[in-house]
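The values are calculated or read from the model by the stated rules, or taken from the named source; none is laboratory data. What you see is a predicted model, and the numbers here were worked out from it, not measured in a lab. When we count neighbours, we look across all protein chains shown, and the Cβ atoms used for this are built from the backbone with ideal geometry, even at glycine. Areas reflect the complete protein model, heavy atoms only, side chains present, ligands, DNA and RNA absent. Shrake-Rupley method; radii C 1.70, N 1.55, O 1.52, S 1.80 Å.
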Amino acid sequence: MNKPKPLISAILNLNLHPKPLFSNPIHLMALTQTRTTHSDPPQNDAEDDVLCSNPEQTQEEQPSSPSLDETPSFVGSPGKYLTGVSRFERAWAHWTKLGRPKLIVAPMVDNSELPFRMLCRKYGAEAAYTPMLHSRIFNENPKYRSEEFTTCKEDRPLFVQFCANDPDILLEAARRVESHCDYVDINFGCPQRIARRGYYGAFLMDNLPLVKSLVEKLALNLNVPVSCKIRVFPKLEDTLKYAKMLEDAGCSLLAVHGRTRDEKDGKKFRADWNAIKAVKNELRIPVLANGNIRHMDDVRNCLEETGADGVLSAETLLENPALFAGFRTSNWVSDNEKDSINGKLDQADLVVQYLKLCEKHPVPWRMIRSHVHKMLGDWFRVQPQVREELNAQSRLTFEFLYGLVDQLRELGVRVPLHQKDDASATGNLAEVIGI
(Lines give C-alpha, C1' and ligand atoms only; values in the text may rest on other atoms or scores of the structure.)
Protein backbone atom coordinates (compact mmCIF):
# COMPACT_ATOMS: atom_id res chain seq x y z
CA MET A 1 0.00 0.00 0.00
CA ASN A 2 1.10 3.59 -0.58
CA LYS A 3 2.43 5.70 2.22
CA PRO A 4 -0.28 8.24 3.17
CA LYS A 5 0.36 11.76 1.91
CA PRO A 6 -0.40 14.89 4.01
CA LEU A 7 -3.68 15.77 2.32
CA ILE A 8 -4.53 12.34 0.98
CA SER A 9 -4.64 10.89 4.47
CA ALA A 10 -7.14 13.59 5.29
CA ILE A 11 -9.20 13.78 2.04
CA LEU A 12 -8.33 11.12 -0.19
CA ASN A 13 -5.34 13.51 -7.99
CA LEU A 14 9.20 9.53 -42.21
CA ASN A 15 6.91 12.18 -43.24
CA LEU A 16 3.60 10.46 -43.57
CA HIS A 17 0.41 11.77 -45.07
CA PRO A 18 -2.64 11.87 -42.81
CA LYS A 19 -4.77 8.76 -43.11
CA PRO A 20 -8.44 8.14 -42.40
CA LEU A 21 -9.28 6.90 -38.95
CA PHE A 22 -10.67 3.61 -37.70
CA SER A 23 -14.15 4.16 -39.11
CA ASN A 24 -12.83 3.35 -42.61
CA PRO A 25 -13.00 -0.49 -42.75
CA ILE A 26 -11.41 -0.73 -46.19
CA HIS A 27 -8.30 1.09 -45.05
CA LEU A 28 -8.20 -0.95 -41.85
CA MET A 29 -8.22 -4.24 -43.77
CA ALA A 30 -5.41 -3.03 -46.01
CA LEU A 31 -3.15 -2.21 -43.10
CA THR A 32 -1.77 -5.65 -42.44
CA GLN A 33 1.91 -4.89 -42.94
CA THR A 34 4.01 -3.66 -40.01
CA ARG A 35 5.78 -0.41 -40.74
CA THR A 36 9.08 0.05 -38.95
CA THR A 37 10.41 3.40 -40.06
CA HIS A 38 11.96 5.47 -37.29
CA SER A 39 12.82 9.07 -36.58
CA ASP A 40 15.12 10.24 -33.81
CA PRO A 41 13.99 12.89 -31.31
CA PRO A 42 15.28 16.42 -31.97
CA GLN A 43 18.65 17.29 -30.51
CA ASN A 44 18.84 19.87 -27.74
CA ASP A 45 21.45 22.45 -26.82
CA ALA A 46 24.67 20.67 -25.86
CA GLU A 47 25.05 22.47 -22.52
CA ASP A 48 21.50 21.63 -21.48
CA ASP A 49 22.07 17.97 -22.34
CA VAL A 50 24.83 17.75 -19.73
CA LEU A 51 23.79 15.76 -16.64
CA CYS A 52 23.46 18.00 -13.61
CA SER A 53 25.38 17.00 -10.50
CA ASN A 54 26.21 18.21 -7.04
CA PRO A 55 29.96 18.91 -6.89
CA GLU A 56 29.95 18.24 -3.14
CA GLN A 57 28.77 14.64 -3.63
CA THR A 58 31.41 11.98 -3.73
CA GLN A 59 31.34 9.33 -6.42
CA GLU A 60 29.97 6.85 -3.89
CA GLU A 61 27.13 9.22 -3.02
CA GLN A 62 26.07 9.78 -6.61
CA PRO A 63 22.80 7.96 -7.36
CA SER A 64 23.02 5.43 -10.14
CA SER A 65 20.63 4.37 -12.84
CA PRO A 66 19.23 0.86 -12.83
CA SER A 67 21.40 -1.68 -14.59
CA LEU A 68 19.80 -1.80 -18.02
CA ASP A 69 22.65 -2.88 -20.26
CA GLU A 70 21.73 -6.55 -20.22
CA THR A 71 18.35 -8.07 -20.88
CA PRO A 72 17.17 -9.61 -17.58
CA SER A 73 16.28 -13.26 -17.54
CA PHE A 74 12.70 -14.24 -16.80
CA VAL A 75 11.59 -15.38 -13.39
CA GLY A 76 8.63 -17.71 -13.70
CA SER A 77 6.65 -18.21 -16.86
CA PRO A 78 6.34 -15.28 -19.29
CA GLY A 79 2.97 -14.14 -20.48
CA LYS A 80 1.12 -14.80 -17.26
CA TYR A 81 -1.01 -11.72 -17.86
CA LEU A 82 -2.51 -13.23 -21.02
CA THR A 83 -3.66 -16.59 -19.76
CA GLY A 84 -7.34 -17.42 -19.89
CA VAL A 85 -10.24 -15.65 -18.21
CA SER A 86 -8.21 -15.16 -15.05
CA ARG A 87 -6.23 -12.39 -16.74
CA PHE A 88 -8.92 -9.90 -15.69
CA GLU A 89 -8.62 -11.10 -12.12
CA ARG A 90 -4.84 -10.83 -12.41
CA ALA A 91 -5.16 -7.29 -13.72
CA TRP A 92 -7.28 -6.25 -10.74
CA ALA A 93 -5.18 -8.18 -8.24
CA HIS A 94 -2.08 -6.32 -9.43
CA TRP A 95 -3.83 -2.94 -9.29
CA THR A 96 -5.10 -3.73 -5.81
CA LYS A 97 -1.65 -4.83 -4.65
CA LEU A 98 -0.38 -1.38 -5.66
CA GLY A 99 -3.05 0.24 -3.47
CA ARG A 100 -5.37 1.22 -6.34
CA PRO A 101 -3.69 4.63 -6.78
CA LYS A 102 -6.05 7.33 -7.95
CA LEU A 103 -3.82 10.42 -8.22
CA ILE A 104 -1.26 9.88 -10.97
CA VAL A 105 1.46 11.89 -12.72
CA ALA A 106 0.95 11.59 -16.47
CA PRO A 107 3.83 10.86 -18.87
CA MET A 108 5.46 14.05 -20.18
CA VAL A 109 8.45 14.11 -22.51
CA ASP A 110 11.43 15.65 -20.70
CA ASN A 111 9.16 16.59 -17.78
CA SER A 112 8.06 13.55 -15.74
CA GLU A 113 11.61 12.57 -14.83
CA LEU A 114 12.62 11.18 -11.43
CA PRO A 115 13.11 14.42 -9.40
CA PHE A 116 9.79 15.81 -10.63
CA ARG A 117 8.00 12.52 -9.94
CA MET A 118 9.39 12.52 -6.41
CA LEU A 119 8.27 16.12 -5.86
CA CYS A 120 4.74 15.24 -7.00
CA ARG A 121 4.75 12.16 -4.77
CA LYS A 122 5.67 14.35 -1.81
CA TYR A 123 2.52 16.35 -2.51
CA GLY A 124 0.01 13.55 -2.89
CA ALA A 125 0.69 11.75 -6.17
CA GLU A 126 0.21 8.02 -5.66
CA ALA A 127 1.75 6.74 -8.89
CA ALA A 128 3.64 8.17 -11.86
CA TYR A 129 4.70 7.58 -15.44
CA THR A 130 8.19 8.12 -16.79
CA PRO A 131 8.59 10.37 -19.81
CA MET A 132 7.96 8.62 -23.11
CA LEU A 133 11.09 6.68 -24.05
CA HIS A 134 12.02 5.89 -27.65
CA SER A 135 12.32 2.09 -27.70
CA ARG A 136 14.92 1.77 -30.46
CA ILE A 137 17.21 4.45 -29.07
CA PHE A 138 16.76 2.97 -25.59
CA ASN A 139 18.14 -0.32 -26.88
CA GLU A 140 20.96 1.15 -28.94
CA ASN A 141 22.28 4.02 -26.85
CA PRO A 142 23.63 3.39 -23.31
CA LYS A 143 23.90 7.14 -22.64
CA TYR A 144 20.25 7.62 -23.54
CA ARG A 145 19.27 4.79 -21.21
CA SER A 146 21.29 6.07 -18.27
CA GLU A 147 20.13 9.69 -18.58
CA GLU A 148 16.52 9.34 -19.67
CA PHE A 149 15.47 6.56 -17.28
CA THR A 150 16.41 6.82 -13.63
CA THR A 151 14.46 5.60 -10.63
CA CYS A 152 14.84 4.76 -6.94
CA LYS A 153 13.15 2.48 -4.44
CA GLU A 154 10.70 5.20 -3.35
CA ASP A 155 9.63 5.78 -6.96
CA ARG A 156 6.76 3.28 -6.99
CA PRO A 157 4.20 2.51 -8.28
CA LEU A 158 5.85 3.33 -11.59
CA PHE A 159 4.78 3.08 -15.23
CA VAL A 160 7.66 3.03 -17.75
CA GLN A 161 6.35 4.28 -21.08
CA PHE A 162 7.76 3.52 -24.53
CA CYS A 163 6.86 4.60 -28.03
CA ALA A 164 7.40 1.96 -30.70
CA ASN A 165 6.28 0.59 -34.04
CA ASP A 166 8.23 -2.69 -34.03
CA PRO A 167 7.13 -5.44 -31.60
CA ASP A 168 10.59 -7.04 -31.29
CA ILE A 169 12.34 -3.74 -30.60
CA LEU A 170 9.67 -2.83 -28.06
CA LEU A 171 10.05 -6.17 -26.28
CA GLU A 172 13.82 -5.77 -26.06
CA ALA A 173 13.41 -2.35 -24.44
CA ALA A 174 10.66 -3.54 -22.11
CA ARG A 175 12.76 -6.44 -20.86
CA ARG A 176 15.43 -3.98 -19.77
CA VAL A 177 13.05 -2.20 -17.39
CA GLU A 178 10.47 -4.75 -16.30
CA SER A 179 12.22 -5.49 -13.02
CA HIS A 180 12.28 -1.75 -12.19
CA CYS A 181 8.60 -0.90 -12.64
CA ASP A 182 5.01 -1.98 -12.04
CA TYR A 183 3.75 -1.58 -15.64
CA VAL A 184 5.38 -1.30 -19.03
CA ASP A 185 3.23 1.23 -20.87
CA ILE A 186 2.85 1.72 -24.63
CA ASN A 187 2.26 5.24 -25.89
CA PHE A 188 -0.60 5.27 -28.39
CA GLY A 189 -1.59 8.84 -27.57
CA CYS A 190 1.16 11.26 -28.61
CA PRO A 191 -0.36 13.62 -31.23
CA GLN A 192 2.72 15.71 -31.94
CA ARG A 193 4.48 16.16 -35.27
CA ILE A 194 7.49 14.13 -34.15
CA ALA A 195 5.16 11.16 -33.57
CA ARG A 196 3.84 11.50 -37.11
CA ARG A 197 7.39 11.57 -38.50
CA GLY A 198 8.47 8.63 -36.35
CA TYR A 199 5.24 6.71 -36.95
CA TYR A 200 4.29 6.07 -33.34
CA GLY A 201 1.93 7.34 -30.65
CA ALA A 202 -1.53 8.41 -31.85
CA PHE A 203 -0.53 7.91 -35.49
CA LEU A 204 -0.70 4.17 -35.00
CA MET A 205 -4.48 4.57 -34.63
CA ASP A 206 -4.51 4.12 -38.42
CA ASN A 207 -2.87 0.70 -38.17
CA LEU A 208 -4.72 -1.34 -35.58
CA PRO A 209 -3.13 -4.68 -36.56
CA LEU A 210 0.24 -3.18 -35.64
CA VAL A 211 -1.17 -1.79 -32.39
CA LYS A 212 -2.53 -5.20 -31.50
CA SER A 213 0.80 -6.91 -32.28
CA LEU A 214 2.71 -4.51 -30.02
CA VAL A 215 0.43 -5.22 -27.06
CA GLU A 216 0.35 -8.96 -27.63
CA LYS A 217 4.14 -9.13 -27.92
CA LEU A 218 4.60 -7.67 -24.46
CA ALA A 219 1.65 -9.43 -22.83
CA LEU A 220 2.92 -12.82 -23.98
CA ASN A 221 6.54 -12.27 -22.95
CA LEU A 222 6.77 -10.03 -19.87
CA ASN A 223 6.38 -10.78 -16.19
CA VAL A 224 4.85 -7.38 -15.46
CA PRO A 225 1.51 -6.26 -16.87
CA VAL A 226 1.19 -4.13 -19.99
CA SER A 227 -0.69 -0.83 -19.89
CA CYS A 228 -1.62 1.46 -22.77
CA LYS A 229 -2.37 5.16 -23.07
CA ILE A 230 -4.67 6.26 -25.88
CA ARG A 231 -6.66 9.13 -27.30
CA VAL A 232 -10.26 8.81 -28.40
CA PHE A 233 -11.56 8.56 -31.95
CA PRO A 234 -14.05 11.16 -33.21
CA LYS A 235 -16.73 8.42 -33.18
CA LEU A 236 -17.49 6.80 -29.85
CA GLU A 237 -18.16 3.41 -31.44
CA ASP A 238 -14.63 3.41 -32.88
CA THR A 239 -13.17 4.31 -29.49
CA LEU A 240 -14.99 1.44 -27.82
CA LYS A 241 -13.87 -1.07 -30.48
CA TYR A 242 -10.31 0.22 -30.09
CA ALA A 243 -10.35 -0.10 -26.30
CA LYS A 244 -11.87 -3.58 -26.44
CA MET A 245 -9.24 -4.68 -28.96
CA LEU A 246 -6.48 -3.52 -26.59
CA GLU A 247 -8.05 -5.39 -23.69
CA ASP A 248 -8.38 -8.55 -25.80
CA ALA A 249 -4.74 -8.21 -26.89
CA GLY A 250 -3.57 -8.35 -23.26
CA CYS A 251 -3.66 -4.78 -21.96
CA SER A 252 -4.08 -4.90 -18.16
CA LEU A 253 -4.78 -1.19 -17.61
CA LEU A 254 -5.92 1.52 -20.02
CA ALA A 255 -5.45 5.26 -19.62
CA VAL A 256 -7.80 7.25 -21.84
CA HIS A 257 -7.09 10.84 -22.84
CA GLY A 258 -10.51 12.25 -23.66
CA ARG A 259 -9.35 14.25 -26.67
CA THR A 260 -8.86 13.18 -30.28
CA ARG A 261 -5.55 13.13 -32.09
CA ASP A 262 -6.31 16.49 -33.68
CA GLU A 263 -7.28 18.17 -30.41
CA LYS A 264 -3.77 19.05 -29.27
CA ASP A 265 -4.59 22.26 -27.40
CA GLY A 266 -5.87 21.32 -23.96
CA LYS A 267 -6.97 24.91 -23.28
CA LYS A 268 -9.02 25.07 -26.48
CA PHE A 269 -10.57 21.60 -26.39
CA ARG A 270 -12.26 20.06 -23.37
CA ALA A 271 -11.63 16.37 -22.76
CA ASP A 272 -14.68 14.19 -23.34
CA TRP A 273 -15.40 12.57 -19.98
CA ASN A 274 -18.47 10.86 -21.44
CA ALA A 275 -16.22 8.91 -23.82
CA ILE A 276 -14.03 7.87 -20.90
CA LYS A 277 -17.12 6.76 -18.97
CA ALA A 278 -18.23 4.65 -21.94
CA VAL A 279 -14.82 2.97 -22.12
CA LYS A 280 -14.89 2.28 -18.39
CA ASN A 281 -18.31 0.65 -18.72
CA GLU A 282 -17.14 -1.44 -21.68
CA LEU A 283 -13.95 -2.90 -20.23
CA ARG A 284 -13.15 -5.37 -17.44
CA ILE A 285 -9.72 -3.92 -16.60
CA PRO A 286 -8.83 -0.75 -14.63
CA VAL A 287 -9.36 2.47 -16.61
CA LEU A 288 -7.72 5.83 -15.89
CA ALA A 289 -9.04 9.23 -17.01
CA ASN A 290 -6.82 11.93 -18.52
CA GLY A 291 -7.90 15.48 -19.34
CA ASN A 292 -9.34 18.57 -17.61
CA ILE A 293 -7.64 17.90 -14.24
CA ARG A 294 -6.64 21.34 -12.97
CA HIS A 295 -7.38 21.07 -9.24
CA MET A 296 -8.89 18.67 -6.72
CA ASP A 297 -12.46 19.69 -7.54
CA ASP A 298 -11.78 18.37 -11.04
CA VAL A 299 -10.45 15.14 -9.54
CA ARG A 300 -13.67 14.63 -7.59
CA ASN A 301 -15.89 15.53 -10.55
CA CYS A 302 -13.98 13.35 -12.99
CA LEU A 303 -14.08 10.28 -10.76
CA GLU A 304 -17.80 10.79 -10.14
CA GLU A 305 -18.72 11.40 -13.79
CA THR A 306 -16.55 8.77 -15.45
CA GLY A 307 -16.38 6.04 -12.80
CA ALA A 308 -12.68 5.81 -13.66
CA ASP A 309 -10.27 4.08 -11.31
CA GLY A 310 -7.90 7.05 -11.21
CA VAL A 311 -6.96 10.32 -12.89
CA LEU A 312 -3.85 11.57 -14.66
CA SER A 313 -2.70 15.18 -14.70
CA ALA A 314 0.03 16.64 -16.89
CA GLU A 315 0.18 20.33 -17.82
CA THR A 316 -1.28 21.63 -14.57
CA LEU A 317 1.22 19.65 -12.52
CA LEU A 318 4.08 21.33 -14.37
CA GLU A 319 2.93 24.70 -12.99
CA ASN A 320 1.78 23.31 -9.66
CA PRO A 321 3.33 20.00 -8.54
CA ALA A 322 1.32 20.31 -5.29
CA LEU A 323 -2.01 19.92 -7.11
CA PHE A 324 -2.77 16.52 -5.57
CA ALA A 325 -2.22 17.95 -2.07
CA GLY A 326 -5.12 20.33 -2.62
CA PHE A 327 -3.16 23.43 -3.71
CA ARG A 328 -4.24 25.47 -6.71
CA THR A 329 -2.85 28.44 -8.58
CA SER A 330 -4.61 31.78 -8.34
CA ASN A 331 -6.07 31.51 -11.86
CA TRP A 332 -8.30 28.68 -10.55
CA VAL A 333 -9.54 30.78 -7.61
CA SER A 334 -12.47 33.04 -8.50
CA ASP A 335 -12.68 36.52 -7.05
CA ASN A 336 -15.82 35.68 -5.09
CA GLU A 337 -14.63 32.28 -3.89
CA LYS A 338 -14.63 32.73 -0.15
CA ASP A 339 -13.59 29.18 0.64
CA SER A 340 -10.04 29.69 -0.63
CA ILE A 341 -7.24 30.64 1.70
CA ASN A 342 -3.56 31.30 1.31
CA GLY A 343 -1.94 27.89 1.54
CA LYS A 344 1.39 29.29 2.84
CA LEU A 345 3.15 27.54 -0.07
CA ASP A 346 4.29 29.08 -3.32
CA GLN A 347 5.94 27.92 -6.52
CA ALA A 348 9.33 29.27 -5.48
CA ASP A 349 9.21 26.90 -2.51
CA LEU A 350 8.47 24.08 -4.95
CA VAL A 351 11.36 25.09 -7.22
CA VAL A 352 13.80 24.95 -4.30
CA GLN A 353 12.50 21.52 -3.29
CA TYR A 354 12.77 20.35 -6.89
CA LEU A 355 16.36 21.57 -7.19
CA LYS A 356 17.33 19.70 -4.04
CA LEU A 357 15.85 16.53 -5.54
CA CYS A 358 17.85 17.16 -8.72
CA GLU A 359 21.05 17.39 -6.67
CA LYS A 360 20.17 13.99 -5.23
CA HIS A 361 18.99 12.47 -8.54
CA PRO A 362 20.89 14.15 -11.42
CA VAL A 363 19.06 14.73 -14.70
CA PRO A 364 19.95 16.72 -17.86
CA TRP A 365 19.88 20.47 -17.34
CA ARG A 366 17.33 20.93 -20.14
CA MET A 367 14.73 19.25 -17.92
CA ILE A 368 15.58 21.50 -14.98
CA ARG A 369 15.45 24.63 -17.15
CA SER A 370 12.01 23.64 -18.43
CA HIS A 371 10.61 23.05 -14.94
CA VAL A 372 11.95 26.35 -13.60
CA HIS A 373 10.25 28.19 -16.47
CA LYS A 374 6.96 26.36 -15.88
CA MET A 375 6.84 26.72 -12.10
CA LEU A 376 7.95 30.35 -12.05
CA GLY A 377 6.00 31.50 -15.12
CA ASP A 378 3.65 33.73 -13.10
CA TRP A 379 6.60 35.18 -11.20
CA PHE A 380 8.50 35.95 -14.42
CA ARG A 381 5.50 37.86 -15.75
CA VAL A 382 5.89 40.23 -12.79
CA GLN A 383 9.69 40.51 -13.17
CA PRO A 384 10.45 39.62 -16.83
CA GLN A 385 14.07 40.75 -16.52
CA VAL A 386 14.74 37.79 -14.21
CA ARG A 387 13.43 35.43 -16.87
CA GLU A 388 15.79 37.05 -19.38
CA GLU A 389 18.70 36.41 -17.03
CA LEU A 390 17.72 32.74 -16.96
CA ASN A 391 17.43 32.59 -20.75
CA ALA A 392 20.85 34.19 -21.14
CA GLN A 393 22.55 31.40 -19.18
CA SER A 394 23.98 28.87 -21.62
CA ARG A 395 25.26 26.77 -18.70
CA LEU A 396 23.14 26.45 -15.60
CA THR A 397 24.35 25.76 -12.07
CA PHE A 398 22.47 25.10 -8.88
CA GLU A 399 24.09 28.18 -7.35
CA PHE A 400 22.65 30.35 -10.12
CA LEU A 401 19.16 28.85 -9.82
CA TYR A 402 18.99 29.17 -6.03
CA GLY A 403 20.20 32.76 -6.46
CA LEU A 404 17.49 33.40 -9.04
CA VAL A 405 14.81 32.36 -6.53
CA ASP A 406 16.39 34.59 -3.89
CA GLN A 407 16.43 37.47 -6.37
CA LEU A 408 12.71 37.13 -7.03
CA ARG A 409 11.98 37.14 -3.32
CA GLU A 410 14.19 40.21 -2.77
CA LEU A 411 12.22 41.98 -5.52
CA GLY A 412 9.08 41.39 -3.48
CA VAL A 413 7.53 38.85 -5.83
CA ARG A 414 5.27 36.23 -4.29
CA VAL A 415 2.46 34.40 -6.03
CA PRO A 416 0.94 32.13 -3.37
CA LEU A 417 -0.78 28.84 -3.99
CA HIS A 418 -4.23 28.42 -2.47
CA GLN A 419 -6.14 25.71 -0.66
CA LYS A 420 -9.87 25.29 -0.29
CA ASP A 421 -11.09 25.66 3.27
CA ASP A 422 -14.22 23.58 2.94
CA ALA A 423 -14.73 20.60 5.21
CA SER A 424 -17.80 19.39 3.30
CA ALA A 425 -15.90 19.34 0.01
CA THR A 426 -13.10 17.46 1.72
CA GLY A 427 -15.53 14.89 3.01
CA ASN A 428 -17.16 14.46 -0.41
CA LEU A 429 -13.79 13.94 -2.08
CA ALA A 430 -12.75 11.40 0.53
CA GLU A 431 -15.94 9.47 -0.16
CA VAL A 432 -15.36 9.51 -3.93
CA ILE A 433 -11.79 8.30 -3.79
CA GLY A 434 -12.52 5.69 -1.21
CA ILE A 435 -10.73 6.42 2.05
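Some notes on this structure:
- Phi angles of region 309-314 translate, via the Karplus equation with coefficients 6.51, -1.76, 1.60 and θ = phi - 60°, into HN-Hα couplings of 8, x, 10, 10, 10, 10 Hz per residue; Gly and Pro are given as x.
- Packing-based ranking, highest mean first, of 345-354, 247-256 given that Cβ atoms within 10 Å are counted: 247-256, 345-354
- Cβ crowding within 10 Å averaged over residues, with 167-177, 123-133 ranked highest first: 123-133, 167-177
- Estimated inter-spin distance, Glu154 and Val352, nm [label 7 Å along Cα→Cβ]: 1.8
- Remark: region 84-328 carries 31 Å² of accessible area per residue (probe radius 1.4 Å; ligands, DNA and RNA excluded).
- Here's how it looks for Val363: its modeled amide H is under 5 Å from those of Cys52, which are all 5 or more places away or on a different chain.
- Gain in span if fully extended, Glu140 to Asn301, counting 0.36 nm per residue against the direct Cα distance: 53.6 nm
- Simple label model, 7 Å out from Cα along Cβ direction - Glu237 to Asn223, nm: 4.5
- Between amide H atoms placed 1.01 Å from N, distances below 5 Å from Gly343 occur with Leu417, His418, Gln419, all of them 5 or more places distant or on a separate chain.
- Across the accessible surface of region 84-328, with the other protein chains kept in place and a 1.4 Å probe, carbon and sulfur atoms take up 47 percent.
- Built amide H within the under 5 Å cut-off of Val109, gap 5+: Met132
- Working note: Karplus 6.51/-1.76/1.60 with θ = phi - 60° gives region 112-121 the couplings 9, 6, 3, x, 5, 4, 5, 5, 5, 4 Hz, where Gly and Pro are set to x.
- Carbon + sulfur, % of accessible area of region 347-411 - ligands and nucleic acids excluded, 1.4 Å: 49
- Backbone phi angles across region 252-263, fed through the Karplus curve with coefficients 6.51, -1.76 and 1.60 (θ = phi - 60°), yield HN-Hα couplings of 9, 7, 10, 9, 10, 8, x, 10, 7, 4, 8, 8 Hz in residue order; Gly and Pro are listed as x.
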